[in-house]
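Engineer: First the structure, then my questions, so here it is.
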């Protein structure tokens, strides 16, 4: 009986030891899996800039980094944050093809991948061409990416977002946040931004015309009144030409007031219609269903 208890105890100890060893062996792969889920860090490195100042280069680099993070599952940095980590004189023009230089830049920015950007302002209405070269410092691989043409600063983020997959084709796409409806047919809700009422450029122009018309109307009115009083005080000196000038000034005053009123009404209409209400758009779900747009304030 004692021998059987001893065998049972040895069996339990061996089982516990095997389980502990299995847990120890399983731990490293788990840590590796967690590390693999960390997004790749990509640094936007400013290179040659033609007809562009440092502030604009940093602003475009920052917009590029934000657009990459919005579209792809990466950690992108750019702009002033990267420039502060680079040498004071920047990077040499041949850095992109020099492994020692790219390794130093990667170390400074703590990045696994680099995007070297060359920006050229053509001088035609602020158009900028941006050429990018992708570099992997660990493997010394590099590849040129398609050029990006910007016609205005306002479209920078939209252009960068549409080119994100071409700039980093191996990066995973960031999933879009969507909310499913519970109604018939199903779908995804999306809310557009509300634009408050504001003075647009046409409204400011019509407002200026209204102010100018009012000022001219008052001026011509005062001149008309002064000349009329002079005629009333001296009927002999009030010739036909003076009476004609009084009528002319009176017409100019009335016309100026009419223009001021019309421009003022136009300004009010443009201001009232300058806003845009928030819109709720329901896109069809993969299973089917109709597309619905609900308009209103929320």
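Engineer: Mind counting the residues in the stretch 160-204 that are surrounded by 14 or more Cβ atoms within 10 Å (Cβ to Cβ) and modelled with pLDDT of 90 or more?
Structural biologist: Final tally of qualifying residues: 8.
Engineer: Another one. Does residue 70 meet the test of being surrounded by fewer than 15 Cβ atoms within 10 Å (Cβ to Cβ) and under 20 Å from residue 154 (Cβ atoms)? Talk me through it step by step, then tell me what you get.
Structural biologist: On the way: surrounded by fewer than 15 Cβ atoms within 10 Å (Cβ to Cβ): yes; under 20 Å from residue 154 (Cβ atoms): yes.
So residue 70 fits the description; yes.
Engineer: Could I ask something else about it? Going by what's in this entry, would residue 225 be described as at pLDDT below 90 and in a helix (DSSP H, G or I)? Full working, then the answer.
Structural biologist: Numbers: at pLDDT below 90: yes; in a helix (DSSP H, G or I): yes.
In short, yes.
Engineer: Go through the stretch 228-246 and give me each residue that's assigned to a helix (DSSP H, G or I) and surrounded by fewer than 12 Cβ atoms within 10 Å (Cβ to Cβ). Outline the logic, then answer.
Structural biologist: Our first condition is that a residue be assigned to a helix (DSSP H, G or I); within the stretch 228-246, this holds for 228-233, 240-246.
Within the stretch 228-246, 229, 232, 233, 240, 241, 244 meet the criteria.
Engineer: Taking residue 103, is it assigned by TED's automatic domain parsing to the domain that holds residue 52, modelled with pLDDT of 90 or more and in a helix (DSSP H, G or I)? Steps first, answer last, please.
Structural biologist: Values: assigned by TED's automatic domain parsing to the domain that holds residue 52: yes; modelled with pLDDT of 90 or more: yes; in a helix (DSSP H, G or I): yes.
Yes; evaluated as a whole, the condition is true for this residue.
Engineer: Considering the stretch 111-126 alone, what residues qualify as being farther than 22 Å from residue 168 by Cα and surrounded by 12 or more Cβ atoms within 10 Å (Cβ to Cβ)? Let's see the steps before the verdict.
Structural biologist: Our first condition is that a residue be farther than 22 Å from residue 168 by Cα; within the stretch 111-126, this holds for 121-126.
Listed by number, the residues that qualify are 121, 122, 126.
Each row is one residue, and each column tells you yes or no for (1) part of a helix (DSSP H, G or I); (2) at pLDDT below 90.
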residue: 8; (1), (2): yes, yes
residue: 24; (1), (2): yes, yes
residue: 30; (1), (2): yes, yes
residue: 34; (1), (2): yes, yes
residue: 38; (1), (2): no, yes
residue: 63; (1), (2): yes, no
residue: 66; (1), (2): yes, no
residue: 69; (1), (2): yes, no
residue: 75; (1), (2): no, no
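The values are calculated or read from the model by the stated rules, or taken from the named source; none is laboratory data. Keep in mind the model is a prediction, meaning the values are calculated, not measured. Backbone-built Cβ (ideal geometry, glycine too); neighbour counts: all protein chains shown.
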